[in-house]
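Participant: Let me begin by handing over the structure; questions about it come next.
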Amino acid sequence: MSDLFPEVVETPRLRLVARRPKHVGVHEAYDLCSAPEMDDVTRYMPWSRHETPKVTKDFLDRGESSWTDAESADYAIIPREGEEGAGEISGFGGLHTEWDRRVGELGLWLRPRYWGRGYSGERAAALAALAFDAFDLEVVAVSHVAANEKSQRAIEKYMAALGGGLDGREPNSIVIDGDPADELRYSVSREDWLATTGGDYDAEFRWNLDPDDVR
């Protein structure tokens, strides 16, 4: 099932490239994931900035493993030509697939300089379309730490645009810096997505590309 997920997803402003070692170099990713600005990124995450290139290698290897096992389609998120920072990795995100429940779980983090551009919603629209149109999943969901107001604003906006909304609060559902924290969970069904969007989306999915063609 290694060819289940598209190697590249393109939206009007973004190129999502598979988080696999053949596409993303360890040292390139380490420079990003070890930068001091990552302390702001990981404030509400269950992990911290990378201390060594080995941590980054493990991160990329997990992306490869979950990809080949058809568990997650994880991507490096790269602004396209015409965007500030074009060609640079702005962050990572993907779609975790729970086939038995026919659910796709969205995840994302972006470097601070790329916050506020609407990239989160653009990526979510593309991956929701992938989940519903290509994978025939029935639900797309996303959660964030309840205290993370920036994520809350972004997620509320794009989930509403997709036809979804808040399901509720999940007490002590994640551990941040050793302390349990609540999360807010949102979801959209395939039926509501179709009713809201008409099944239309502005994204292109491409499989089995040469590594030289993806950046």
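Participant: Please specify each residue of segment 178-195 satisfying the condition of being assigned to a strand (DSSP E or B) and in contact (Cβ under 8 Å) with a residue 24 or more places away in the chain.
Facilitator: Those that are assigned to a strand (DSSP E or B) and in contact (Cβ under 8 Å) with a residue 24 or more places away in the chain: Ala181, Asp182, Glu183, Leu184, Arg185, Tyr186, Ser187, Val188, Ser189.
Participant: While we're here: Looking at (1) aromatic (Phe, Trp, Tyr); (2) within 17 Å of Glu138 (Cα to Cα); (3) open to solvent by 60 Å² or more (accessible area, probe 1.4 Å), can you tell me which one Trp193 breaks?
Facilitator: (3)
Participant: With the condition being open to solvent by 30 Å² or more (accessible area, probe 1.4 Å) and at pLDDT below 95, I'd like the helices (runs of 4 or more DSSP H) fully within segment 1-104 carrying at least 3 qualifying residues. Don't jump to the end; show me each part of the working.
Facilitator: Details: elements: 26-33, 38-41, 53-68.
Qualifying helices (runs of 4 or more DSSP H): none found.
Participant: What are the residue pairs meeting all of these: first residue in segment 145-172, first residue of a type outside the set (Gly, Ala, Ser), second residue assigned to a helix (DSSP H, G or I), Cβ atoms under 6 Å, and 6 or more apart or on different chains?
Facilitator: Val145/Tyr44; Asn148/Tyr44; Tyr158/Gly121; Tyr158/Ala124; Leu162/Ala128; Leu162/Trp193
Participant: While we're here: Determine which member of the set Pro180, Pro171, Pro211 is more than 20 Å from Arg123 (Cβ to Cβ), open to solvent by 50 Å² or more (accessible area, probe 1.4 Å) and at pLDDT below 95.
Facilitator: Residue meeting the stated conditions: Pro211.
Participant: Under the condition of being surrounded by 19 or more Cβ atoms within 10 Å (Cβ to Cβ) and of a type outside the set (S, T, N, Q), which residue from segment 147-166 is farthest from Pro12 (Cα to Cα)?
Facilitator: Per the stated criteria, the residue is Gly164.
Participant: Could you list, in sequence order, all residues of segment 117-138 that are over 16 Å from the mean Cα position of the chain (by Cα) and either free of Cβ contacts under 8 Å to residues at least 12 places away in the same chain or over 14 Å from Ala73 (Cβ atoms) (or both)?
Facilitator: Asp136, Glu138
Participant: So for segment 119-136 (the condition being open to solvent by 30 Å² or more (accessible area, probe 1.4 Å), under 23 Å from Arg49 (Cα atoms) and modelled with pLDDT of 95 or more), does at least one residue qualify? Reasoning before the result, please.
Facilitator: Quick first cut of segment 119-136, residues open to solvent by 30 Å² or more (accessible area, probe 1.4 Å) only: 122, 125, 133-134, 136.
From what's left, under 23 Å from Arg49 (Cα atoms): none.
No, the conditions are met nowhere in segment 119-136.
The values are calculated or read from the model by the stated rules, or taken from the named source; none is laboratory data. Predicted, not measured: the structure shown is a model, and the values here were computed from it. Every residue, glycine among them, receives a Cβ derived from its backbone with ideal geometry; neighbour counts consider all protein chains shown. SASA here: full protein model, heavy atoms, side chains in, ligands and nucleic acids out. Shrake-Rupley method; radii C 1.70, N 1.55, O 1.52, S 1.80 Å.
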